[in-house]
1. Considering each residue of segment A:234-259, count those that are of a type in the set (Gly, Ala, Ser) and farther than 25 Å from A:GLY189 by Cβ, and give that number.
2. Check A:ALA161, A:ALA141 and return the single one that is hydrophobic (A, V, I, L, M, F, W, C) and in contact (Cβ under 8 Å) with a residue 60 or more places away in the chain.
3. Given the residues A:VAL12, A:VAL3, which is the only one that is within 29 Å of A:GLU532 (Cβ to Cβ) and surrounded by fewer than 21 Cβ atoms within 10 Å (Cβ to Cβ)?
4. Answer with yes or no whether A:ARG483 is within 30 Å of A:LEU354 (Cβ to Cβ), out of contact with any Cys (no Cβ under 6 Å at 6 or more places or on another chain) and open to solvent by less than 60 Å² (accessible area, probe 1.4 Å).
5. Quick one: A:THR435 ticks every box in (1) of a type in the set (Val, Ile, Thr); (2) over 23 Å from the mean Cα position of the chain (by Cα); (3) open to solvent by less than 20 Å² (accessible area, probe 1.4 Å) except a single one, so which number is it?
6. Any chance segment A:515-525 includes a residue that's among the aliphatic types (A, V, I, L, M) and under 31 Å from the mean Cα position of the chain (by Cα)?
7. Kindly list the number of the only condition in (1) away from chain B (no Cβ under 14 Å); (2) not in a helix (DSSP H, G or I) that fails for A:ALA156.
8. Would you pick out the residues in segment B:284-326 that are open to solvent by 20 Å² or more (accessible area, probe 1.4 Å) and of a type in the set (Val, Ile, Thr)?
Protein chains: 2
Amino acid sequence: MNVLRPIHAKIVGGFWERRQRINRERTIMHGYGKLGGALGNLRMAAGQPGDYQADADDGGMTLPFLDSDVYKWLEAAGWELSRGADPALAAAADEAIAVVAAAQRPDGYLNSFVQVVKGGVPYTDLAWGHEHYCLGHLIQAAVAWHRGLGDDRLLAVALRAVAHLPAEPGVDGHAGIEMALVELFRITGEERHLKLAERMLALRGHGQIGRGRFGAEYWQDHAPVREATTVAGHAVRQLYLDCGAVDAAVELEDEELLGTVRRRWDDMTRTRTSLTGGMGSRHRDEAFGDPYELPPDRAYNETCASIAGVMLAWRLLLATGEPKYGDAIERAMFNGVLSGISLSGTEFFYTNPLQRRTHRVGSGGGRAPWQSCACCPPNLMRLLSSWHRYLATRDEGGVQIHHYADAELSSGEIRLAVRTGYPWHGRVSVEVVATPDRPWTLSLRVPAWSTGGPPARHTRHWKAGDRVELDLGTAIRITEPDRRADALRGCVAVERGPLVYCLEGIDAPAELEELAWDGDRAPSEVPRPDLEPEMIGIDVPVAGGLTAGAIPYYAWANRGAGSMRVWIPR
Amino acid sequence: MNVLRPIHAKIVGGFWERRQRINRERTIMHGYGKLGGALGNLRMAAGQPGDYQADADDGGMTLPFLDSDVYKWLEAAGWELSRGADPALAAAADEAIAVVAAAQRPDGYLNSFVQVVKGGVPYTDLAWGHEHYCLGHLIQAAVAWHRGLGDDRLLAVALRAVAHLPAEPGVDGHAGIEMALVELFRITGEERHLKLAERMLALRGHGQIGRGRFGAEYWQDHAPVREATTVAGHAVRQLYLDCGAVDAAVELEDEELLGTVRRRWDDMTRTRTSLTGGMGSRHRDEAFGDPYELPPDRAYNETCASIAGVMLAWRLLLATGEPKYGDAIERAMFNGVLSGISLSGTEFFYTNPLQRRTHRVGSGGGRAPWQSCACCPPNLMRLLSSWHRYLATRDEGGVQIHHYADAELSSGEIRLAVRTGYPWHGRVSVEVVATPDRPWTLSLRVPAWSTGGPPARHTRHWKAGDRVELDLGTAIRITEPDRRADALRGCVAVERGPLVYCLEGIDAPAELEELAWDGDRAPSEVPRPDLEPEMIGIDVPVAGGLTAGAIPYYAWANRGAGSMRVWIPR
């Protein structure tokens, strides 16, 4: 395999700089303030008194996985500190790391729910207990601190916790540890971590977990990971599992396993992915539905699933270099991921439907400052904190730029400066700031939606000061749904560049359910600085000679909790 | 109020005779065989050893309401024995009654889950415990045995159990007892039962139950029953609650309360009811969705909700005489209710979507001989066993026939014989077999769908042998969805008489997802004796010069678990 490797990148301006800055300056410390309960759980595991917090609303489920929120936050903090010092953040992270280390038992075991609530006997409820899952997130945090900061305090904790796992580990109801173990192998070089990941991947899919409430496919235990032809069950679990499968396949050079995941990904992307990159149509079990079951109103599209989709596509992009994976990352990032967080950076959506009706019974419907099941907010934090690492890669032939932002890139002797108005404008300028004295190839992803389309690969004997200009073209696109997508029939959507647009009731001349697309008139661009600097909205012609103002989907529900729709009836 | 009263009726042939016969000869004893676990629970409450059965699948929820399945079955058995003797059924019912009586505590309390599993302290978890709900079903069974057979064994048990309720009863998470208490008032004449129902209706809607997992509207505790403007939350709970509200309103002559329910019903019927009469769009909380949220594929449409819809519309019909309620009963009975039970009478659907795609992950999708949460099967049994009681009513002016079947009707000196080919043909003949020597009015409901439409009210000085002939016309109808029903856009449905039709993959020339309605050719009728005697199918023209065979929706999934759709893309 010709595996691509991420290169050093620093985002210095524009759309993504703003997002990383808000994440750093607001979201992460906001999150730390909300993690008191989960940190308190770990303090209890360390022997301090307290009330264990494990309930999702009153009368609801008991959540055994709140430790993972702390670990995801620590991962974000690690990436963030590697981008630049921040004493307040460093102090908060130091405290959290100390709490985590103190909670670990002398035998290495670490899970506050089992230690505090369940009497301390590990691995008795792998189906629902999330013990491996939480450990996976601990490892990921440790990897971030090791890679980004050379700080191995969490790595020491993680290695002791992994050493506590039995040789025959069983199968956790929620996949995720597999990719973490491969990462642990990568940074330690210890084969046993890779072997353990391989074993866990092999154990799942044989009905060992049981059918539970939602059937064996809920936790992908209905078919082995190298045999299942389609994604199934809980979307995040499936996507995390496939991330681990790709990671293992790459390290083991297992083309067969990689091929299986790739075929599953193609099917999923064609039949079970919303226009926004959202996945998981069903509320009941947070699951993928049938092919083309893509209800705009009831699509679950958990923020974590969009993020997991980015993680999987990224791994497939590294493993294969195929631009379709970059396209998928871009679609998810600009739409179904960012919709999960408010423009202010301190309010969140757990689900990301493509339609909301005006009429609602009861309260709710708006973004929330936190969630009782708070898997999504720290997942957003760690992705945004590390987003610069997704921009560009290298291989033996040169450098590949996958995502466009104002950024400084460097790989060995190569240094590049990227400038762009992306996503509002499709022009990209790449300047060679430094180069070795030999030819190499600069590859630029041309998105499938691009209405421009110059050559995407430039092999040259570059000189400092050389420049490549790209204009991807961001004409407004009117998108038709697949005719098999029953819930979208008779509608169109509006896209521009990487952005999916939506109508909000607040910008419409009538109730959204009464509007109909007027195909005889052309939509037009309109600046929307009221929402965000540089933002371009689209005025959509609707029946009756009127227009309705569409905005990027990611920006919806930032002016109250009203109606919204992506797919507009003709 | 001019309240209609049901009259004596006996179904003697045709469509509904077949359904009642299968219910009597197969379904009810099949059900008794499946109630061993629930009866065992009651035996444990009576002191016998055993393993309490309370789990919906492994790893799933604990079900505290299995007693109600026994009560619903007993209600069915009571109605059935009142239609004619059956020694085997009588013996089974006697045994069940003895078990129920033995389970009752000396203080009158009776709930096997509380007695066996929860330590015997009553009313500590009204939100989820279903204690009032189960008691309501016990009362309904007692009412059936009293009314149908003059047998008051269950009534004695029920009265003792009701007497155990505290004066301030609190609010049960699942409504249902209210209508039962009104019935108890009707048969005993004791005002306190009506007062208790009134009190329970007044207590709900003030947030006393809490928000639980799904919000206060889940159990209709978000707004008082006389103030809520729309249905909300768990569909069966809402519908049972409104049944109780109508019953209380009628007895209390409370026009305001009745008016509130009627307005809610109008809104629900217009915006939240599937073409099949199914209600409750959401799987997650078995709830009504937003207005026009009617996904064919994911519609929950619990069989119990369709049945509860019949119960509510029946009460509104009795209270007002308005034919729209009869139309709604008919739509539900012939479609969303009957779809819940196989043609064989021994397999059931819990949910009744209007579409199923071909591709399915995992097994399932077919009808099941029973369900771990088995509320629907005995609900079907009791409705079918008493369906003759829904055919016709009387008031001071005469007799009203609401539903057409080969039947003998009698009310005082009036005796009528109805003959019809319904639902396959729209001709109805009503013969006056006996009549008092004075004028009276015979009213015949003309369904809204009728393409015939003669006068529906005949006031005459009738003679024995007089006959009224009605031809309702059953031309095939092509039905367009409301444009606000997003999930149905661009589709049409086929109806004929009271029946909604559907395509099944097994009858189609291609995958259903590939078919498109061909509006240039007319659909045509075709006999389908392969499925049921007299059945008329419809050949639907589809693109490519082909036809696909549509069958009545109620008959789907009787030839395996394939694809199906009611709404057909143009």
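The values are calculated or read from the model by the stated rules, or taken from the named source; none is laboratory data. Predicted model, so just to flag it, every value in this text is computed and none were measured. Positions of Cβ are generated from backbone atoms using ideal geometry, with glycine treated the same way; all protein chains shown enter the neighbour counts. These area figures cover heavy atoms from the full protein model, side chains too; ligands, DNA and RNA do not enter into them. Shrake-Rupley method; radii C 1.70, N 1.55, O 1.52, S 1.80 Å.
1. Taking segment A:234-259 and keeping what is of a type in the set (Gly, Ala, Ser), we get A:235, A:244-245, A:248-249, A:259.
Still in the list and also farther than 25 Å from A:GLY189 by Cβ: A:235, A:259.
Of the residues in that region, 2 qualify.
2. Values: A:ALA161 fails: in contact (Cβ under 8 Å) with a residue 60 or more places away in the chain.
The conditions single out A:ALA141.
3. Numbers: A:VAL3 fails: within 29 Å of A:GLU532 (Cβ to Cβ).
It is A:VAL12.
4. Details: within 30 Å of A:LEU354 (Cβ to Cβ): yes; out of contact with any Cys (no Cβ under 6 Å at 6 or more places or on another chain): yes; open to solvent by less than 60 Å² (accessible area, probe 1.4 Å): no.
The answer is no for A:ARG483.
5. Evaluating A:THR435 over (1) of a type in the set (Val, Ile, Thr); (2) over 23 Å from the mean Cα position of the chain (by Cα); (3) open to solvent by less than 20 Å² (accessible area, probe 1.4 Å) leaves (3) as the failure.
6. To start, the set of residues in segment A:515-525 that are among the aliphatic types (A, V, I, L, M) comprises A:515-516, A:522.
From the residues that got through so far, the ones that are under 31 Å from the mean Cα position of the chain (by Cα) too are none.
There is no residue in segment A:515-525 that is among the aliphatic types (A, V, I, L, M) and under 31 Å from the mean Cα position of the chain (by Cα).
7. Result: A:ALA156 passes all but (2).
8. Of everything in segment B:284-326, just one residue is open to solvent by 20 Å² or more (accessible area, probe 1.4 Å) and of a type in the set (Val, Ile, Thr), namely B:THR320.
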